[in-house]
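Read through the structure below, which is laid out as structure tokens, and then see the notes.
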Amino acid sequence: MPLMPGAEPYRQDGGEVGVLLCHGFTGTPQSMRPWAEYLAERGLTVSVPLLPGHGTRWQDMQLTGWEDWYAEVDREFRALSERCDRVFVFGMSMGGALTLRLAAQHGAAVSGIALVNPSVKADSHQLKAVPLLRHFVPSVPGITSDIAKEGSKEVGYDRTPLRAVHSLSRFWTLVRHGLPQVTQPLLLLHSRVDHVVHPSNSAVVLSRVSSTDVTETVLERSYHVATLDHDAETVFEQSYAFVERLSGAGERADKEDAASG
């Protein structure tokens, strides 16, 4: 199947500090691309993989589950780790859940994590019916483009496949159980108004992780897809400052520029 325009994975080689960016459920790398480009322009090595079953048609996602999505980001993380001295992981929505799982599984190999409106639990009572309903109803209306900024659009599916939702709900349970194993520095940015993932998800993350270096920012002007919304620059700037503080990435880039000059 041909990819949706903008759904292509994005990779850019830079310095010895790498960032893996994980997109959300039924979304694509398009929602993370401006963030990745911002980081790449500042000398970081970045990778935004396309998760299996995403970026083509929603029916393709019915054949995948959390194991496939996690395996993809795990592969990319290992590849970045071979290429870079330090690797950070950033994620939005379900990408935040994937990020938390990577942090719990890989420990100190993950230098720090940044989450934007992470999803770690069911927010709707209707989801309780999914295990049965998925056998009779293939899909429900989509969740993409929850964006306050006029004219900004997220590339993703206009339908939400219920078999994939069922797999996601099982993944949430695993992620929540693993939160105490998350010890890395954490930057958490969440929107005050989010029509897809309730802000209580962020509260769950903050209350259960074991991280001691924690920064929380409330995004006042954006909805769920904050990376394409009014607060995108805040997300980009704070996340780069987070990486720079923990790795000295900016100083390293300056030295490399001076040496090449």
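Coordinate-derived values only; no laboratory data. The model shown is predicted, which means the values in this text are computed figures rather than measured ones. Neighbour counts are summed over all protein chains in view; Cβ atoms, including those assigned to glycine, are modelled from backbone coordinates with ideal geometry.
Just a few scattered comments:
- Considering only beta bridges that DSSP places wholly inside the chain, some 20 percent are antiparallel.
- Using a cutoff of 8 angstrom between alpha carbon atoms and counting only pairs six or more residues apart, the relative contact order for the chain works out to 21 percent.
- Added length on full extension, which subtracts the Cα-Cα distance from 0.36 nm per residue, Glu216 to Val193: 6.7 nm
- 3J(HN,Hα) couplings calculated from phi for segment 151-160 with the Karplus curve 6.51 cos²θ - 1.76 cosθ + 1.60 (θ = phi - 60°) are, in sequence order, x, 8, 9, 9, 7, x, 7, 8, 10, 10 Hz; Gly and Pro show x.
- Residue of Phe236, Phe77, Phe25 that the Gaussian network model of the chain assigns the largest fluctuation, springs spanning Cα pairs under 10 Å: Phe236
- Sequentially through segment 175-192, phi angles give Karplus couplings (6.51, -1.76, 1.60; θ = phi - 60°) of 4, 4, 5, x, 4, x, 7, 7, 10, 6, x, 10, 10, 10, 10, 9, 7, 5 Hz, Gly and Pro residues having no value and appearing as x.
- The stretch between Gln238 and Leu3 holds 81.5 nm of extra length on full extension. This uses 0.36 nm per residue minus the Cα-Cα distance.
- Only helices enter the 222 nm calculation for the chain: every DSSP H run of n ≥ 4 contributes -39,500 (n - 2.57), and dividing by all residues gives -12000 deg cm²/dmol, rounded to 500.
- One decimal place: the segment Ala71-Ala108 gains 11.4 nm when fully extended, by the rule 0.36 nm per residue minus the C-alpha distance.
- Estimated FRET transfer efficiency when R0 is 30 angstrom, pair Arg176-Glu41 (beta carbons, to 0.05): 0.25
- Long-range HN-HN contacts of Val87 with modeled amide H, under 5 Å: Gly18, Ser111
- For Arg159, the amide hydrogen comes within under 5 Å of the amide hydrogens of Gly142, counting only partners 5 or more places away or on other chains and with H modelled in the peptide plane.
- Using the average count of surrounding beta-carbon atoms within 10 Å as a protection proxy, the listed peptides 203-214, 8-19, 154-165, 221-232 rank, highest first, as 221-232, 154-165, 8-19, 203-214.
- Cα-centred dipole magnitude for the chain, charges only on beta-carbon of K, R (+1) and D, E (-1), debye, nearest 20: 1060
- Near the amide H of Ser191, within less than 5 Å, lie the amide hydrogens of Asn117, Leu219, all on another chain or at least 5 residues away, with H placed in the peptide plane.
- Kirkwood hydrodynamic radius (C-alpha pairs) into Stokes-Einstein, the chain, 10 °C and 1.306 mPa s, D in µm²/s: 87
- Which of His177, Thr212, Gly151, positive extreme of dipole for the chain (C-beta unit charges): His177
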